[in-house]
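Right, one structure below, let's go through it.
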Amino acid sequence: MRCRPVPRFYFNLRNDVSVDDEEGSDLADVAAAQALARQYALDMTAASVLEQGRINLNHRIEVTDGRGGIILTVASGDVVIIES
């Protein structure tokens, strides 16, 4: 039986500064990468509220493949619900 290689995904931060993920994470598939990106975006958004008292809904996590191609993007606005 032949084993398929586990893909590596990179989670790049795009907010007031841009930070590229140099190490990446080995994950089973794109769905797992999306779930992790959503958690990272939620953590980033929560930290922004705690530290600055504000949210920029355009801040995002870009998930890329090993060649730098963007696979998906998760913005802060995708992970929070704003109620009044």
Quick check: residue separation of residue 72 and residue 22 times 0.36 nm, minus the Cα distance between them. What number comes out in nm? 16.3 nm
Just the Cα atoms of region 37-84: what Rg and Dmax do they give in Å? 11.9, 42
Heavy atoms only, 1.4 Å probe, whole protein assembly: order 25, 76 by accessible area, highest first. 25, 76
Across the Cα atoms of region 1-40, what radius of gyration and what greatest pairwise Cα-Cα distance (Dmax) are found, in Å? 12.3, 47
Apply the Debye scattering formula to the chain, with a single equal point scatterer on each alpha-carbon and no solvent, then give log10 I(q)/I(0) at q = 0.16, 0.25 Å⁻¹. -0.61, -1.21
Amide H neighbours of residue 71 under 5 Å, counting only residues 5+ apart in sequence or on other chains, H built in-plane at 1.01 Å? 63, 64, 65
Can you run phi through the Karplus equation (6.51, -1.76, 1.60; θ = phi - 60°) for region 25-36 and list ³J(HN,Hα) in whole Hz, with x for Gly and Pro? 9, 7, 9, 5, 6, 5, 4, 5, 5, 5, 4, 5
Can you list residues whose amide H is under 5 Å from residue 24's amide H, if they're 5+ apart or on another chain and H is modeled 1.01 Å from N? 11
Here, trypsin sites (Lys or Arg not before Pro) of region 40-77 satisfying both criteria (DSSP loop; at most 14 other Cβ within 10 Å) are 54, 67
DSSP-assigned coil residues among GluC sites (Glu not before Pro) in region 2-60, each with at most 10 further Cβ atoms within 10 Å: 22, 23
Using a 7 Å offset from the Cα along the Cα-to-Cβ direction at both residue 83 and residue 49, what is the distance between the two label points in nm, to one decimal? 1.2
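The values are calculated or read from the model by the stated rules, or taken from the named source; none is laboratory data. Just so you know, these numbers come straight off a predicted model, no measurement behind them. Note: ideal-geometry Cβ built from the backbone for every residue, glycine included; neighbour counts use all protein chains shown. Surface areas here come from the heavy atoms of the whole protein model, side chains and all, with no ligands, DNA or RNA. Shrake-Rupley method; radii C 1.70, N 1.55, O 1.52, S 1.80 Å.
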